[in-house]
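Read through the structure below, which is laid out as structure tokens, and then see the notes.
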Amino acid sequence: MAKRGGFPGMGMPGNMNNLMKQAQKMQRQMEESQKELEEKAFTASAGGGVVEVTISGKREVTKVKIDPDAVDPDDVEMLEDLIVAATNEALRKVEQESTSMMSKLTGGMGMGGGLPL
């Protein structure tokens, strides 16, 4: 006679407890990684270093450094473009770090789906 319900050979209560423990452990690790990421700073520059932007792991701009030589009242648009470029590059660095941390946690299981840590 066939067993009723469940999967053959799997003691569901024990396996379910192990699964829950693993999920809780992964959640703690994700929270720790999130906190670690938030404490980091990511800096990028544009225009050969005349504009530098620093962003926190919380994706907040914390510092903008502009070389006085980059300030040309007749070409404000160039300075604006440099700030945008440096900011976007710093944001990419945050995203790469976040993806890398998630990949380490999931062990390459394909989890995370681009979700921010």
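The numbers here are math on the coordinates, done by the rules we state, and not lab data. Values in this document were obtained by computation on a predicted structure and should not be read as measured data. Note: ideal-geometry Cβ built from the backbone for every residue, glycine included; neighbour counts use all protein chains shown.
Go through segment 55-80 residue by residue and tally those that are over 28 Å from the mean Cα position of the chain (by Cα) and under 15 Å from GLU95 (Cβ atoms).
Adding up the residues that qualify gives 0.
Mind checking which strands (runs of 3 or more DSSP E) fall wholly inside segment 8-103 and carry at least 2 residues that are surrounded by fewer than 16 Cβ atoms within 10 Å (Cβ to Cβ)?
In segment 8-103, the matching strands (runs of 3 or more DSSP E) lie at 41-46, 61-66.
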